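**Student:** One structure, as structure tokens, below. Some questions next.
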Amino acid sequence: MFARPLSAPADQSSGMLFFICLDDMKNWKPSAPTLLLLPAIIVLAAVVIVPLALSLYSSFTPFRLTKPETFYVFIGFRNYLNILTDRDFWVAFGRTVLLLTVALNLEMMLGLGLAMLVEKATRGQRLLRTLMMFPMMFSPILVGFQFKFMFNDNIGLVNNALQSLGLTDQAIPWLIEGHLAFIAITVAEVWSSTSVFAILILAGLLAMPKEPIEAARVDGCTPWQTFRYVTLPFVMPFAYIAMTIRSLDVARAYDIVKIMTDGGPAGRTELLWTLVGRTAYSDARMGLANAMAYFSILLSILFTVYFFRKLAAARNQIGAEW
Amino acid sequence: MATVSLKKLEKRYGATSVVHGIDLDVADREFIALVGPSGCGKSTTLRMIAGLEEISGGEIRIGDRVVNDLPPRSRNISMVFQSYALYPHMTVKENMGFSLKIAGRPQDEIEKRVVEAARILDLGQLLERRPSQLSGGQRQRVAMGRAIVRNPDVFLFDEPLSNLDAKLRTQMRTEIKKLHAKVQSTIIYVTHDQVEAMTLSDRIVIMRDGHIEQVGTPDEVFKRPATRFVAGFIGSPPMNLVEATVDGGEVRFEEGASLPVPRQFRQAVSAGQKVVFGLRPDDIYPSGHGIHAGEAEDIHVVELPVSITEPLGNETLVFVEFTGRDWVSRMLNPKPLRSGERVDMSLDLSQAHLFDAGTGRSLRN
Ligand SMILES: Nc1ncnc2c1ncn2[C@@H]1O[C@H](COP(=O)(O)OP(=O)(O)O)[C@@H](O)[C@H]1O
Ligand SMILES: [Mg+2]
């Protein structure tokens, strides 16, 4: 939609340019590799590079979807300055980091526990491994709906269970009170993605040589000490791989939150990307939203770099040959 | 510091039995080698002593304690694994000090004992390295260092040298022997290499299919093998073993050739008995080129055709055709021999062995 005013005047001139080029290059024969790569380059340019460039450019404009002409007003870094001084943005930013921290740690612990249990299973391990992957097979949107239902204060499973067990006689407003809503979202995130950790850590456990564990037992370790000093250091690189993958996931968490609370109540569960989405489409302030998005990508990059460092260190430590 | 004794020790995996009730008494400070072909149950036995494998029957004592149900950490043993089993994420120093750290020893004592072990094993330069930065031989030494810092009652070695190349293996063999002289602990050493067993141990236990075939000093198992299996297993090149039948005063081989019954067996055999005749390569040699050249014992000379020769420098292995097959003989002060050449071979029958063809037991009494 906003591409049209841009391309219409440019069409003719670029067409002319094209002919001139052809004239000039009558004798130019592109090499076979160039020719063969050209379709890929054109497609990439069309679907990745151009949109990326446009969105980056628009983050320097006050572009609103409702006022296409604003696309041509260049305002420099004003969007970015606005973000940096915007309290709502920073709150969402902080909340995203908090969700990242809480969810990743929980997933890591649960995944580790799960992986160790499955590794111990002597029969039916394949079946268990498949079962473990189940939550990943559902669309996050569906997970969102499911947990929205479960945490519903009137008809939800959670409250029903709590009341039946006599733990409470009130309808706990899971999705309505800010802190509780955050907890509910965390639970949904953790449920849907613990298996990423579990599967990767399980891979680590299965790849682990058994002799060092036996050596530790002979060296006087209790089962706990064996785990703490031998098994855990070995599987940490695998956990860091999971962390890297999941930190990108959570840093762009959108779907589950969108469905469960839509950032509510009153913005109390607003995360970076729900805020970006709202700014872009509800408020129609595309330029500002793009600026937020670019800023948020920084966060993802930071986390990725951090975990890659950890991974490299841990790999180095166990003398991994991969 | 500790004796080890096994009584009717058994191991079954489900329905299959892999160790069938073995009895063994290891004396304090003894170096004992468990030797036998691959799959005969050596590792299983060792791992049961370590407590890494549950026992299915019988009893294990270390010192005066029955340790059947004790976990490995309560047995005060050290083990060196075939694959070294170093902790990949710890430095050499941490690897060696780990057991002391777990035992809650003070840091300065750990430091002292690690440095001492490193000195014995010549690991001083490597203390800060990680296992992945070490060569096979160095890893091997670290594994031994890790075992000795603990000052255990018993050392258990499971084929510790089999991943090393031939030269290093010989070198480490000497190191282990020196180590035993220094630490003076009981050592149970598993190997499939009879040379290692012979060179290192005070006594050798020869195992086969989960049974013990013979227990004895290297000299005993070499000179007086209790069974045909031991005779064939110990010694390199292996003993010549050929089936034969006793016929009057002779052992008659299937291909028609025959030899007198060795004197030491005259009382033990009866006519018509199926036997296996055994003679070590050292006890058959081109006349004048033998080990026992000076002291004529019970020499029987046969003219035999040479099939091939394997010169080794100071000696030559000569394969001669006899009884329809090749017999290996050892020629000292070798002279060149051609294939097909007929030479006078001296057979020292005083060193010959006879085994019952059925039971495989030695007929010596
Ligand atoms: N976990 C196991 N389950 C079933 N059989 C086993 C197991 N471990 C070892 N065995 C069998 O026990 C026998 C002895 O093995 P082992 O003690 O490792 O032999 P080795 O003398 O070569 O060290 C082998 O036949 C092996 O197949
Ligand atoms: Mg073995």
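The values are calculated or read from the model by the stated rules, or taken from the named source; none is laboratory data. This structure is a prediction, so every number in the text was calculated from the model and none was measured. Positions of Cβ are backbone-derived with ideal geometry, glycine not excepted, and every protein chain shown enters the neighbour counts. With ligands, DNA and RNA removed, areas are computed over all heavy atoms of the protein, side chains included. Shrake-Rupley method; radii C 1.70, N 1.55, O 1.52, S 1.80 Å.
**Student:** All but one of (1) more than 14 Å from chain A (Cβ to nearest Cβ); (2) surrounded by fewer than 20 Cβ atoms within 10 Å (Cβ to Cβ); (3) away from ligand 1 (no atom under 16 Å from the Cβ); (4) in contact (Cβ under 8 Å) with a residue 40 or more places away in the chain hold for B:Thr186; which doesn't?
**Tutor:** (2)
**Student:** Conditions: (1) away from chain B (no Cβ under 14 Å); (2) touching a residue at least 40 places away in the same chain (Cβ under 8 Å). A:Asp262 meets all but one. Number of the miss?
**Tutor:** Failed condition: (2).
**Student:** Consider B:Arg129 carefully, then state whether it is more than 16 Å from ligand 2 (Cβ to nearest atom), open to solvent by 50 Å² or more (accessible area, probe 1.4 Å) and within 12 Å of another protein chain (Cβ to nearest Cβ).
**Tutor:** For B:Arg129, the condition - more than 16 Å from ligand 2 (Cβ to nearest atom), open to solvent by 50 Å² or more (accessible area, probe 1.4 Å) and within 12 Å of another protein chain (Cβ to nearest Cβ) - is met.
**Student:** Another question, then. Which numbered condition trips up B:Leu9, out of (1) within 27 Å of B:Ala103 (Cα to Cα); (2) in a strand (DSSP E or B)?
**Tutor:** (1)
**Student:** Further question on the same structure: State the number of residues belonging to the range B:137-160 that are without any contact (Cβ under 8 Å) to a residue 60 or more places away in the chain, open to solvent by 10 Å² or more (accessible area, probe 1.4 Å) and assigned to a helix (DSSP H, G or I).
**Tutor:** Qualifying residue count for the region: 3.
**Student:** Quick check on my filter: what residues within the range A:147-162 are free of Cβ contacts under 8 Å to residues at least 40 places away in the same chain and of a type outside the set (A, V, I, L, M)? Steps first, please.
**Tutor:** Here is the first cut: in the range A:147-162, the residues free of Cβ contacts under 8 Å to residues at least 40 places away in the same chain are A:149-150, A:152-162.
If the condition is that a residue be free of Cβ contacts under 8 Å to residues at least 40 places away in the same chain and of a type outside the set (A, V, I, L, M), then A:Phe149, A:Asn152, A:Asp153, A:Asn154, A:Gly156, A:Asn159, A:Asn160 are the ones that fit.
Residue-wise test of (1) among the β-branched types (Val, Ile, Thr); (2) out of contact with any strand residue (DSSP E or B) (no Cβ under 6 Å at 6 or more places or on another chain); (3) more than 16 Å from ligand 1 (Cβ to nearest atom).
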position	(1), (2), (3)
B:Arg139	no, yes, yes
B:Val142	yes, yes, yes
B:Ala147	no, no, yes
B:Phe157	no, no, no
B:Ser162	no, yes, no
B:Leu168	no, yes, yes
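**Student:** Restrict the check to the range A:214-225 and report whether at least one residue is open to solvent by 10 Å² or more (accessible area, probe 1.4 Å), modelled with pLDDT under 90 and not in a loop (DSSP other than H, G, I, E, B).
**Tutor:** No; the residues of the range A:214-225 include none that is open to solvent by 10 Å² or more (accessible area, probe 1.4 Å), modelled with pLDDT under 90 and not in a loop (DSSP other than H, G, I, E, B).
**Student:** Here is a follow-up. Can you name the condition, by its number, that B:Thr191 falls short on among (1) farther than 30 Å from B:Lys101 by Cβ; (2) within 14 Å of ligand 1 (Cβ to nearest atom); (3) open to solvent by 10 Å² or more (accessible area, probe 1.4 Å); (4) under 12 Å from the mean Cα position of the chain (by Cα)?
**Tutor:** Going through the list (1) farther than 30 Å from B:Lys101 by Cβ; (2) within 14 Å of ligand 1 (Cβ to nearest atom); (3) open to solvent by 10 Å² or more (accessible area, probe 1.4 Å); (4) under 12 Å from the mean Cα position of the chain (by Cα), B:Thr191 breaks only (3).
**Student:** Mind listing just one residue for me: the one in the range B:25-46 that is within 16 Å of ligand 2 (Cβ to nearest atom) and open to solvent by 20 Å² or more (accessible area, probe 1.4 Å) and, of those, nearest to the chain's Cα centre (by Cα)?
**Tutor:** Once the filter is applied, the top-ranked residue is B:Pro37.
**Student:** Okay, moving on. Starting from the range B:33-44, take each residue that is assigned to a loop (DSSP other than H, G, I, E, B) and list its partners that are of a type outside the set (Asp, Glu) and within 6 Å of ligand 1 (Cβ to nearest atom), counting only C-beta distances under 9 angstrom and pairs at least six apart or across chains.
**Tutor:** Correct list of pairs: B:Gly36/B:Lys42; B:Gly39/B:Val18; B:Cys40/B:Val18; B:Gly41/B:Val18.
**Student:** Which condition number does A:Thr66 fail, the rest of (1) surrounded by fewer than 13 Cβ atoms within 10 Å (Cβ to Cβ); (2) within 21 Å of A:Gly277 (Cβ to Cβ); (3) modelled with pLDDT of 85 or more; (4) not aromatic (Phe, Trp, Tyr) being met?
**Tutor:** (3)
**Student:** Among helices (runs of 4 or more DSSP H) lying entirely in the range A:137-210, which contain 2 or more residues that are more than 27 Å from A:Phe227 (Cβ to Cβ) and at pLDDT 90 or above?
**Tutor:** Passing ranges, in order: A:140-150, A:178-207.
**Student:** Wholly within the range B:161-247, which strands (runs of 3 or more DSSP E) include no fewer than the required count, namely at least 3 residues that are within 16 Å of ligand 2 (Cβ to nearest atom), of a type outside the set (Gly, Ala, Ser) and modelled with pLDDT of 90 or more? First the steps, then the outcome.
**Tutor:** Values: elements: B:186-191, B:203-208, B:211-216, B:240-247.
Answer list for the range B:161-247: B:186-191, B:203-208.
**Student:** All but one of (1) in contact with a Phe, Trp or Tyr (Cβ under 6 Å, 6 or more places away or on another chain); (2) charged (D, E, K, R); (3) over 24 Å from A:Pro237 (Cβ atoms) hold for A:Glu107; state the number of the condition that does not hold.
**Tutor:** Answer for A:Glu107: the failing condition is (3).
**Student:** Between B:Ser5, B:Ser78, which is away from ligand 2 (no atom under 16 Å from the Cβ), closer than 15 Å to A:Ala216 by Cβ and either more than 13 Å from every other protein chain (Cβ to nearest Cβ) or under 22 Å from the mean Cα position of the chain (by Cα) (or both)?
**Tutor:** None of the other options fit; the residue is B:Ser78.
**Student:** Within the range A:236-254, work out how many residues are under 17 Å from A:Ser300 (Cα atoms), part of a helix (DSSP H, G or I) and more than 8 Å from the chain's Cα centre (by Cα).
**Tutor:** Residues flagged as under 17 Å from A:Ser300 (Cα atoms), part of a helix (DSSP H, G or I) and more than 8 Å from the chain's Cα centre (by Cα) within the range A:236-254 amount to 5.
**Student:** While we're looking at this one, here's another question. Given the criteria of a type outside the set (Phe, Trp, Tyr), touching a Gly at 6+ places or on another chain (Cβ under 8 Å), in the same structural domain as B:Leu123 (by TED's automatic domain parsing) and away from ligand 1 (no atom under 16 Å from the Cβ), does B:Arg61 qualify?
**Tutor:** Taking the combined requirement at face value, the residue does not satisfy it.
Conditions (1) touching a residue at least 40 places away in the same chain (Cβ under 8 Å); (2) open to solvent by 30 Å² or more (accessible area, probe 1.4 Å), marked per residue:
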position: B:Glu254; (1), (2): yes, yes
position: B:Ser258; (1), (2): no, yes
position: B:Asn314; (1), (2): no, yes
position: B:Val343; (1), (2): yes, no
position: B:Asp356; (1), (2): yes, yes
position: B:Arg364; (1), (2): yes, yes
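**Student:** Any residue in the range A:163-183 that's of a type in the set (Asp, Glu): show its pairings with residues that are in a helix (DSSP H, G or I) at Cβ separation under 6 Å, as long as the two are six or more apart or on different chains.
**Tutor:** Hits for this filter: zero, empty list.
**Student:** Do we have any residue at all in the range B:346-364 that's in contact with a helix residue (DSSP H, G or I) (Cβ under 7 Å, 6 or more places away or on another chain) and on the phi > 0 side of the Ramachandran plot?
**Tutor:** Yes; the residues of the range B:346-364 include at least one that is in contact with a helix residue (DSSP H, G or I) (Cβ under 7 Å, 6 or more places away or on another chain) and on the phi > 0 side of the Ramachandran plot.
**Student:** Mind listing just one residue for me: the one in the range B:81-98 that is within 7 Å of another protein chain (Cβ to nearest Cβ) and within 16 Å of ligand 2 (Cβ to nearest atom) and, of those, nearest to the chain's Cα centre (by Cα)?
**Tutor:** B:Phe81
**Student:** Quick one: is B:Gly58 away from every other protein chain (no Cβ under 14 Å), away from ligand 2 (no atom under 13 Å from the Cβ) and touching a Lys or Arg at 6+ places or on another chain (Cβ under 6 Å)?
**Tutor:** When the stated conditions are applied, B:Gly58 passes them.
Yes or no, residue by residue, for (1) at pLDDT 90 or above; (2) over 29 Å from A:Pro265 (Cα atoms); (3) in a helix (DSSP H, G or I):
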| position | (1), (2), (3) |
| --- | --- |
| A:Asp88 | no, no, yes |
| A:Ala92 | no, no, yes |
| A:Met108 | yes, no, yes |
| A:Gly111 | yes, yes, yes |
| A:Leu114 | yes, yes, yes |
| A:Leu117 | yes, yes, yes |
| A:Thr122 | no, yes, no |
| A:Leu128 | no, yes, yes |
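**Student:** Right, here's the next one. Please work out if B:Ser17 is away from chain A (no Cβ under 14 Å), of a type in the set (Ser, Thr, Tyr) and in a loop (DSSP other than H, G, I, E, B).
**Tutor:** no
**Student:** May I pose another question? State all residues of the range B:47-74 that are in contact (Cβ under 8 Å) with a residue 40 or more places away in the chain, open to solvent by less than 10 Å² (accessible area, probe 1.4 Å) and not in a strand (DSSP E or B); if no residue qualifies, say none.
**Tutor:** B:Ile49, B:Ala50, listed by residue number.
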